[in-house]
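**Student:** Sharing a structure, written as structure tokens. Questions coming.
The values are calculated or read from the model by the stated rules, or taken from the named source; none is laboratory data. Just so it is clear, the structure is predicted and the values come from calculations on it, not from any experiment. Cβ sites come from the backbone with ideal geometry, for glycine too, and all protein chains shown count toward neighbours. To get the accessible areas, we keep the full protein, side chains included, count just its heavy atoms, and leave off ligands, DNA and RNA. Shrake-Rupley method; radii C 1.70, N 1.55, O 1.52, S 1.80 Å.
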Amino acid sequence: MILPAEKELRAVLARFAQARIDHDVRPTGCTSRLLEDATYTLCVMTGARTAEQALRAADTLLERYAERTDVSVEGETLAA
């Protein structure tokens with residue numbers, strides 16, 4: 001699986017969260033389609049079959065991104 005860019009993954013997670021909220025607050029055909037689209041995109045991006053699996057996979061990916069960032073920051077020095 002090709003790993004998504006962190007920025008893109010975060011954008012899709014935000015879109016999914018907003019669609020979930022909108023659909024929960026006032027469900028319509030439009031909010032349902034937006035939620036389905038966001039869910040599909042998140043699943044494709046993470047290689048998952050369900051929203052729950054995709055969210056767990058996204059969490060794992062974000063942890064990996066954080067670990068990678070922590071390692072690179074430790075070796076850097078700041079100029080005075």
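**Student:** What angle, in degrees between 0 and 90 and rounded to the nearest 10, separates the Cα long axis of helix 6-25 from the longest principal axis of the Cα atoms of the chain?
**Tutor:** Helix 6-25 sits roughly 30 degrees off the main axis of the chain.
**Student:** To the nearest 10 Å², what's Val25's accessible area with a 1.4 Å probe?
**Tutor:** 110
**Student:** To test your reading of the geometry: what angle, between 0 and 90 degrees and rounded to tens, separates the Cα axis of helix 29-46 from the longest principal axis of the chain?
**Tutor:** 40
**Student:** Could you tell me the extents of region 6-78's C-alpha atoms along the three principal axes, largest first, rounded to whole Å?
**Tutor:** Each principal axis gives a Cα extent; for region 6-78 these are 53, 25, 15 Å.
**Student:** Moving to a separate point now. Would you be so kind as to identify which of Gly29, Ala58, Thr46 lies farthest towards the positive end of the dipole of the chain, taking Lys and Arg as +1 and Asp and Glu as -1 on Cβ and the Cα centre as origin?
**Tutor:** Gly29
**Student:** Stretch Leu3-Arg20 to full length: gain in nm at 0.36 nm per residue minus the Cα-Cα span? Each step should come with its number before you reach the end.
**Tutor:** Values: separation 17, 0.36 × 17 = 6.12 nm, distance 2.41 nm.
Value of the extension gain: 3.7 nm.
**Student:** To the nearest 20 debye, what charge dipole does the chain have about its Cα centre, counting +1 at the Cβ of each Lys and Arg and -1 at the Cβ of each Asp and Glu? Write out the running numbers ahead of the final one.
**Tutor:** Working: 10 positive and 13 negative charges, 75 e Å.
Roughly 360 debye for the chain.
**Student:** Taking the Cα atoms only, what angle lies between the long axis of helix 51-74 and the longest principal axis of the chain, rounded to 10 degrees?
**Tutor:** 20
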